[in-house]
Amino acid sequence: MNRTTLFLIVDAGRQDYVRPDSMPFTHQLAQGSLQGSMVSPPGFAQRTAFFTGVHPDTSNNFSAYVYDPEHSPFRWLRKLGPLPNAVKPYKAFVPARRAIKHITKWVSDSYHTDPAWIPPRYQPFFRLCEDSKPVHDPGALGRTSIFDLCRAHGLSYTYRAHPVSGDDDKVHAGLVRDLRSSAPHRFYAAQFSIMDQQGHKHGPFSEHVQRTCLRELDRKIAEVHDALQAGYDAWDLFICADHGMAPVERRVDVQRALRKLPLTPAKDYVVFVNSTLAVLWYENERARREIEAALPGIAGGRPVSDAERRQRRIPTSRQWGDRMFAADPGTLFWPDYFHVKDSVIRGMHGYLDKSAEQYGMAVLARSQGVQPRTFAPRSLVDVFPTLCDLLEVPVPAGQEGMSLFREARHARERMVTA
């Protein structure tokens, strides 16, 4: 009997997208399956959470870039003096950004050398974190991953996500082809990114997203499901979003507020501006005093205390900042380090407060059937032990999630006892 498990990631797939009018096939599939919502941990390293089953303070993967001046692949920029500072986050400077990327790869021999739109004065302070190597490579995530387990137990797998495998159309076409032909993969991991790409551009509640994008996503999921049924005697389909998406209601320029202070950027302080979280490093006590006094006066956000970082399981080492400044729901820190300034961003995610962002969709269907059940919001770390159960491999010690099936068994035991 040929069998496979497909883990399908829907980037920025809000749980409330799964409706009869917007995603009719996925909604119908969910009615006879395990369904619910997944809560993204703080930060921007969701793949580490669901591929290893540990929280950011355990994995030490919290964002795409980490403060590490001694090992930054961009250290060579210091030799150019003020010249790199001419590079600005506008479309016209895309060739300059690409040049930095390729030169960095040449001088550092690093796998991933994208400088994003980090201001050049700050680039020598940072290195890549979660993307330091392909996530499915041995030991890539710093903990035992689902791909490590597949290798250890002789299970063939394939990983397909943008940009490695092309856009959604290419990922979809390749999946359908291989599933229908019963390719000998015990585990497929794939990602559809349309909701993230179009949600950022148009906003999560725009007519384009609600009518066009969701229908397109639903069609692809239906065709993947049909290919699974056609190609395999037994299969599992686990559809899971990595996070939600919130509409942008206001913009706040954190860097401009800092520039008003009597401090010199990259000398007195370093700042990394994610779209919803600004992280600061103080290079001297004067910078600490000035910035700590100024942060409460910046509208649209709030300082994050060390106690809150521990409570939310955010790493507290200096690598991840002397101080974090979190955006209020609906606030976009703009400009940030991931988008060009001459673009329009109407949707964003990564808020500590998920009230506007919503949780991500989750649907788990199996060829042999599953007791239909709606589960309460669960952490993304619960994905890993669930995949272990589906692949029938032991859950390694040290992981921090709980399988969806374990909760199901406990629910049945409570019903029998009652």
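Laboratory data are not the source of any read-out in this text; all were calculated from the coordinates shown. Please read these numbers as outputs of a predicted model, since none were measured by experiment. Glycine gets a Cβ as well: all are built from the backbone with ideal geometry, and neighbour counts include every protein chain shown.
Only counting other Cβ atoms within 10 Å, I'd like GLU292, GLU207, GLU130 sorted with the fewest neighbours first.
If I rank by nearby Cβ atoms, fewest first, I get GLU207, GLU292, GLU130.
Between rounded, prolate and oblate, where does segment 249-345 land on the alpha carbon gyration tensor, with a ≥ b ≥ c its root eigenvalues, rounded for a/c under 1.5, else prolate if a/b exceeds b/c?
Oblate, because a/c is 1.5 or more while a/b does not exceed b/c.
With the cut-off at 1.5 for a/c, could you classify segment 175-235 from its C-alpha gyration tensor as rounded, prolate or oblate?
prolate
Cα to Cα, under 20 Å, and not fewer than 8 places away if on the same chain: which lysines meet these conditions relative to LYS88?
Counting by Cα, and skipping residues close in sequence, LYS88 has these lysines nearby: LYS79, LYS101, LYS260, LYS267, LYS341.
Could you work out [θ]222 nm for the chain from helices alone, using -39500 (n - 2.57) per DSSP H run of at least four and dividing by all its residues? Round to the nearest 500 deg cm²/dmol.
Calculated from helices alone, the mean residue ellipticity at 222 nm is -8500 deg cm²/dmol.
So what's the gap between the Cα centers of segment 261-334 and segment 220-248, to the nearest angstrom?
Measuring centre to centre over Cα atoms gives 38 Å.
Report the Rg/Rh value for segment 63-114, based on alpha-carbon coordinates and the Kirkwood definition of Rh.
Dividing the radius of gyration by the Kirkwood radius yields 0.95.
Relative contact order of the chain: what whole-number percent is it, with Cα pairs under 8 angstrom and at least 6 residues apart?
It rounds to 31 percent for the chain.
With 10 angstrom as the radius, rank ARG378, ARG3 by how many other C-beta atoms surround their C-beta, starting from the fewest.
Ascending Cβ contact count within 10 Å gives the list ARG3, ARG378.
Would you mind checking the tilt of helix 285-294 against the longest principal axis of the Cα atoms of the chain, expressed as 0 to 90 degrees and rounded to 10?
So the inclination is approximately 70 degrees.
By its C-alpha gyration tensor, with a ≥ b ≥ c as the square roots of the eigenvalues, how is segment 280-418 shaped: rounded for a/c under 1.5, else prolate for a/b larger than b/c, else oblate?
Prolate.
Return one number: the angle in degrees, 0 to 90 and rounded to the nearest 10, between the long axis of the Cα atoms of helix 214-231 and the longest principal axis of the Cα atoms of the chain.
Computed tilt is about 50 degrees.
So how tilted is helix 168-180 from the main axis of the chain? Cα-based, degrees 0 to 90, rounded to 10.
Helix 168-180 sits roughly 30 degrees off the main axis of the chain.
Which of the lysines could a cross-linker bridge to LYS170, judged by Cα under 17 Å and excluding same-chain residues fewer than eight apart?
Filter leaves LYS220.
Once you charge only the Cβ atoms, +1 for Lys and Arg and -1 for Asp and Glu, what is the size of the charge dipole of segment 235-344 about its Cα centre, to the nearest 20 debye?
360
Which of the listed residues, LEU77, CYS150, LEU295, is farthest toward the dipole's positive end in the chain, when Lys, Arg count +1 and Asp, Glu count -1 at the beta-carbon?
Of the listed residues, the answer is LEU77.
State the answer as a single residue: which of HIS202, SER355, ILE103 lies farthest towards the positive end of the charge dipole of the chain, with beta carbon charges of +1 for Lys and Arg and -1 for Asp and Glu, about the Cα centre.
ILE103
For the chain, with only Lys/Arg (+1) and Asp/Glu (-1) charged at the beta-carbon, what is the dipole magnitude about the Cα centre, in debye rounded to 20?
It works out to roughly 900 debye.
For GLN197 and SER343 in one chain, what is 0.36 nm times their gap in residues minus the Cα-Cα distance, to one decimal in nm?
So the extension gain works out to 51.3 nm.
Using the Kirkwood radius built from alpha carbon pairs, what does the Stokes-Einstein equation give as D for segment 1-62 at 20 °C and 1.002 mPa s, in µm² per second?
153
Which of the listed residues, MET324, SER33, SER181, is farthest toward the dipole's positive end in the chain, when Lys, Arg count +1 and Asp, Glu count -1 at the beta-carbon?
Looking along the dipole axis, the top candidate is MET324.
Using DSSP, restrict attention to beta bridges with both residues in segment 249-345 and report what percent are antiparallel, rounded to the nearest 5.
75
Using DSSP, restrict attention to beta bridges with both residues in the chain and report what percent are antiparallel, rounded to the nearest 5.
Approximately 55 percent, going by the DSSP bridge assignments.
What length, rounded to one decimal in nm, is gained on full extension from SER156 through to ALA299, with 0.36 nm per residue of separation minus their alpha-carbon distance?
46.4 nm
What are the chymotrypsin sites (Phe, Trp or Tyr not before Pro) within segment 1-100 that DSSP puts in a loop, where the Cβ has at most 15 other Cβ atoms within 10 Å?
When the chymotrypsin sites (Phe, Trp or Tyr not before Pro) of segment 1-100 are filtered for loop state and at most 15 Cβ neighbours within 10 Å, TYR90 remain.
With +1 on the Cβ of every Lys and Arg and -1 on the Cβ of every Asp and Glu, and nothing else charged, how large is the dipole of segment 65-128 about its Cα centre, in debye rounded to the nearest 20?
Dipole magnitude for segment 65-128 comes out near 280 debye.
Eigenvalues of the Cα gyration tensor times 5, then square-rooted: what semi-axes does that give for the chain, in whole angstrom, largest first?
So the three semi-axes of the chain are 38, 23, 22 Å.
How long is the gain from GLN319 to TRP106 if the chain were fully straight, where each residue apart is worth 0.36 nm and the alpha carbon distance is subtracted?
Using 0.36 nm per residue and subtracting the Cα-Cα distance, I get 74.1 nm.
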